[in-house]
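Input: a single structure, listed below in structure tokens.
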Amino acid sequence: MLNIEKNIQVNFKTNDEWLASAKEVFARKGLDVTAALNLFIHEVMVTQDIPFQTVEDKERERLIAELGKQIDKNLADIGSGKGMAIEEVEEQLIGEKILSDYSKLFI
């Protein structure tokens, strides 16, 4: 355990069931709540990050995995001849009149 100067007291509110469950985990690891929270704070300080995934992290990971699957599927479709030429895609998405105006931007 870290031997640090404890020079501030922090009070916070939490759910009583969460705390009771966490205390059981801490006890199995030979820690009390103070020691566990000090370890958490130290880890955040050292790594400059939270040592677990936030909801946003999990959602970003899910979206990246979903995008990867879609890219793999699209590449497989292109490899099997199911793809479309860029001109066909632009025509379907933009329309011929706008497409001709759009293509002038790159000439």
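Quick notes on this one:
- Hits in region 44-57 (condition: of a type outside the set (A, V, I, L, M), modelled with pLDDT of 95 or more and not in a loop (DSSP other than H, G, I, E, B)): Thr47
- Under the condition of being touching a residue at least 40 places away in the same chain (Cβ under 8 Å) and not in a helix (DSSP H, G or I), the residues counted in region 18-43 number 0.
The values are calculated or read from the model by the stated rules, or taken from the named source; none is laboratory data. Not measured: the values here are computed from a predicted model. Note: ideal-geometry Cβ built from the backbone for every residue, glycine included; neighbour counts use all protein chains shown.
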